[in-house]
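Step one of this worksheet: look at the structure below.
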Amino acid sequence: MKTKYVAAFLCGLLTAVLSACADAESEAPSVLQAYGRGDRNAAAFTLEELYAHSDLILRFTAGAVTHTVPPGTDRVMTVMQPQDVTAYKGSYQNEPLYTPGGIMPMQEYAKLLGSIGLQGPDTSAEWAEYHWENAPIIRQGDDVIYFGEYSPDGDGTVSSTYFTQGTFLLHGGVISVTKEQIDEPLFDDFSARFGTSVSAEDFLQAVTALST
């Protein structure tokens with residue numbers, strides 16, 4: 001895991017809210033929700049910057065999805081093993097791909113926190129759900145465009161570029177402007193290029209053009 005990613009975890013603005021979702025009609029489990037914010041001093045403001053700082057640019061279907069908690073933090077990250085990968089920069093060699101946020105069983109989450117010496121949360125909730133601004137939660141089967149950076153530690157892992165900025169979730173083959181909220185550094189560049197939404201094909205065509 002990159003040092004700056006751990007720093008981003010530690011300096012992120014975190015607000016935890018316990019959501020009582022155990023509704024008698026829906027019988028939904030209770031969820032501990034938490035939200036974090038990325039580091040504005042380490043962010044891309046243009047697609048060119050995002051491209052330049054990425055070692056890999058991929059489109060894939062999320063295959064097996066697991067979750068972890070990086071050392072020294074209480075934040076959940078999703079670990080993806082992609083399927084049907086197409087590379088637009090770099091050469092993918094079956095490395096695990098990390099992206100911020102995720103949902104995991106509370107008991108598993110509390111056990112991971114205990115293993116790294118952190119006090120666990122209220123385990124009356126059944127699920128721990130972490131969101132980082134503008135970084136989508138990825139589930140198995142999702143259609144994803146991913147900008148990633150190799151860890152300088154040489155451990156073979158790849159993390160989302162600029163932590164919160166490199167993962168794009170497609171809905172019906174389209175990236176929506178909801179991925180780029182008004183407070184997101186890339187918003188102005190994204191909206192100037194594409195408006196409120198863009199197809200995966202047009203987005204990747206624009207990305208590929210940056211290599212020339």
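Mind listing whichever residues of region 180-204 are at pLDDT below 95, of a type in the set (Ser, Thr, Tyr) and over 13 Å from Leu47 (Cα atoms)?
Across region 180-204, the qualifying residues are Thr196, Ser197.
Quick grid of which residues meet (1) at pLDDT 95 or above; (2) buried (at least 17 other Cβ atoms within 10 Å of the Cβ); (3) of a type outside the set (A, V, I, L, M):
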| residue | (1), (2), (3) |
| --- | --- |
| Gln140 | yes, no, yes |
| Gly154 | no, no, yes |
| Ala206 | yes, no, no |
| Ser211 | no, no, yes |
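Filter region 156-178 down to the residues that are of a type in the set (Ser, Thr, Tyr) and part of a loop (DSSP other than H, G, I, E, B), then identify the one that is surrounded by the fewest Cβ atoms within 10 Å (Cβ to Cβ). Quick ask: steps written out before the conclusion?
Going residue by residue through region 156-178, those that are of a type in the set (Ser, Thr, Tyr) are 157, 159-162, 164, 167, 176, 178.
Within this subset, residues satisfying the condition of being part of a loop (DSSP other than H, G, I, E, B) are 157, 161-162, 164.
Details: Thr157: 17, Thr161: 24, Tyr162: 23, Thr164: 25.
So, considering only residues that are of a type in the set (Ser, Thr, Tyr) and part of a loop (DSSP other than H, G, I, E, B), the one surrounded by the fewest Cβ atoms within 10 Å (Cβ to Cβ) is Thr157.
I'd like the full set of residues that are in a loop (DSSP other than H, G, I, E, B) and without any contact (Cβ under 8 Å) to a residue 60 or more places away in the chain, limited to region 181-212.
Gln181, Ile182, Asp183, Glu184, Gly195, Thr196, Thr212
Only residues that are of a type outside the set (D, E, K, R) and part of a loop (DSSP other than H, G, I, E, B): list them for region 144-155, please. Lay out the reasoning, then the answer.
Just the residues of region 144-155 that are of a type outside the set (D, E, K, R), to begin with: 144-148, 150-152, 154.
If the condition is that a residue be of a type outside the set (D, E, K, R) and part of a loop (DSSP other than H, G, I, E, B), then Ser151, Pro152, Gly154 are the ones that fit.
Which members of region 119-138 meet the condition of being among the hydrophobic types (A, V, I, L, M, F, W, C), out of contact with any helix residue (DSSP H, G or I) (no Cβ under 9 Å at 6 or more places or on another chain) and surrounded by fewer than 20 Cβ atoms within 10 Å (Cβ to Cβ)?
Ile137
Exactly one condition in (1) in contact with an Asp or Glu (Cβ under 7 Å, 6 or more places away or on another chain); (2) of a type in the set (Val, Ile, Thr); (3) farther than 19 Å from Thr68 by Cα is false for Thr164; which is it?
(3)
The rows are residues; the columns are (1) surrounded by 14 or more Cβ atoms within 10 Å (Cβ to Cβ); (2) at pLDDT 90 or above; (3) assigned to a loop (DSSP other than H, G, I, E, B); (4) within 16 Å of the chain's Cα centre (by Cα).
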position	(1), (2), (3), (4)
Leu58	yes, yes, no, yes
Thr61	yes, yes, no, yes
Val65	yes, yes, no, yes
Pro71	no, no, yes, no
Thr78	yes, yes, no, yes
Pro82	yes, yes, no, yes
Tyr88	yes, yes, no, no
Gln93	no, yes, yes, no
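Cβ-Cβ below 7 Å, separation at least six or inter-chain, first residue in region 82-98 and free of Cβ contacts under 8 Å to residues at least 60 places away in the same chain, second among the acidic types (Asp, Glu): which pairs?
Gly90/Asp55
Restricting to region 41-54, give me the number of residues that are farther than 16 Å from Arg193 by Cβ, surrounded by 14 or more Cβ atoms within 10 Å (Cβ to Cβ) and not hydroxyl-bearing (Ser, Thr, Tyr).
3
Taking the condition at pLDDT below 90, over 18 Å from Leu169 (Cα atoms) and not in a strand (DSSP E or B), does Ala24 pass?
yes
Return the residue satisfying two criteria in turn: it lies in region 27-56 and is in contact with an Asp or Glu (Cβ under 8 Å, 6 or more places away or on another chain) and of a type in the set (Gly, Ala, Ser), and of such residues it is modelled with the highest pLDDT.
Among those that are in contact with an Asp or Glu (Cβ under 8 Å, 6 or more places away or on another chain) and of a type in the set (Gly, Ala, Ser), it is Ser54.
The values are calculated or read from the model by the stated rules, or taken from the named source; none is laboratory data. Values in this document were obtained by computation on a predicted structure and should not be read as measured data. When we count neighbours, we look across all protein chains shown, and the Cβ atoms used for this are built from the backbone with ideal geometry, even at glycine.
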